[in-house]
């Protein structure tokens, strides 16, 4: 079966950063950095269950208003994760509007905001029918940098330096459940949508003795419409378990050695790294002044992290019409530092 994630940059590389990650075969998505999100459809935005914010400069956070507008009046629970200050930032967004009629909504939008600090998170809730007043503040310990985990995947974060705290993120699928077509045929089972529920049951760690009713193929020799197995027996018969996919996202960070070391650790062995390349190496002093990476540093990091592929984004406007130089510089560094040629850009 294919990986869980289907990531794509929201905008061209010289425009606002942002990564939209819909899930295959699931009406769900994750969004990193809601800057200009006008290219996303309403349908896409309404799939978002978790929103990850690297920092709250306008080009990374202005799209929060559109998300709020579309989700308002719907029975939605949205989780927001960001750096120190994100709770006050979101509180300010809510405070900008008047909410005197929201008690009349049948459905109630609920937003919980998680502020990622060293070794802990502070969270606070904002509920539509309570006029988005902050409530339910709590503190949660953070272990190994993991800020979110569910049955399918987890998200690790690193606090980086952009003159302010700025978060890098790595999303990792727990594992792949691959269905063996030959085994399905041998057992006379129909390859259909039931396999996705079966896969989710395995990933959720459900009772191995749970009965699973598997539909028989139309040309099944025994004439039965379905066959019953335990979850464990069927998993043993028709699946191969392989490591899950890993995606990393890095933007708006200085090229300090401390940052580079943290990024390499976060992105280690990622299948796909999305990394900013704001400036060329010849303009490194300007990059340092603005707390951004050069294309050379991006390529070097990708190589040292051992990523399978990488995509550059967040180019400075000064390179309009000469993006090829940024790509070439990153690739030169990638190869120089031992990177393998399995990359996109």
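The values are calculated or read from the model by the stated rules, or taken from the named source; none is laboratory data. On a predicted model such as this, the values are computed, not experimentally measured, just so you know. Don't worry about glycine lacking a Cβ; one is built from the backbone with ideal geometry, like all the others, and counts go over all protein chains shown.
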* Asked: Restricted to the stretch 166-181, and to residues that are out of contact with any helix residue (DSSP H, G or I) (no Cβ under 6 Å at 6 or more places or on another chain) and under 22 Å from residue 78 (Cβ atoms), which residue is surrounded by the fewest Cβ atoms within 10 Å (Cβ to Cβ)?
  -> 173
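Residues are listed down the side, and each one gets a yes or a no for (1) crowded, with 20+ Cβ neighbours inside 10 Å; (2) at pLDDT 95 or above; (3) within 23 Å of residue 249 (Cβ to Cβ):
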residue	(1), (2), (3)
47	no, yes, yes
54	yes, yes, yes
61	yes, yes, yes
73	no, no, no
80	yes, yes, yes
83	yes, yes, yes
90	yes, yes, yes
* Structure fact -> All-but-one check, residue 191 against (1) assigned to a loop (DSSP other than H, G, I, E, B); (2) modelled with pLDDT of 95 or more, failing number (2)
* Could you check residue 230 against (1) at pLDDT 90 or above; (2) touching a helix residue (DSSP H, G or I) at 6+ places or on another chain (Cβ under 8 Å) and say which number it fails? => (2)
* Quick one: which helices (runs of 4 or more DSSP H) lie wholly within the stretch 1-105 and hold at least 2 residues that are within 18 Å of the chain's Cα centre (by Cα) and under 18 Å from residue 147 (Cβ atoms)? => 58-61
* **Residue that is closer than 23 Å to residue 31 by Cα and out of contact with any helix residue (DSSP H, G or I) (no Cβ under 9 Å at 6 or more places or on another chain), where the choices are 292, 323, 272** => 272
* Members of the stretch 293-314 found to be within 18 Å of residue 33 (Cα to Cα) and surrounded by fewer than 23 Cβ atoms within 10 Å (Cβ to Cβ), listed by number -> 311
* Asked: Out of 130, 161, 144, which single residue is over 30 Å from residue 197 (Cβ atoms), loosely packed, with under 15 Cβ neighbours inside 10 Å and either assigned by TED's automatic domain parsing to the domain that holds residue 60 or at pLDDT below 95 (or both)?
  -> 144
* Structure fact -> Across the stretch 244-280, the tally of residues that are exposed (fewer than 15 other Cβ atoms within 10 Å of the Cβ), in contact with a strand residue (DSSP E or B) (Cβ under 9 Å, 6 or more places away or on another chain) and over 19 Å from residue 172 (Cβ atoms) stands at 2
* Asked: What helices (runs of 4 or more DSSP H) lie completely within the stretch 252-332 and have 1 or more residues being within 23 Å of the chain's Cα centre (by Cα)?
  -> 257-267, 295-305
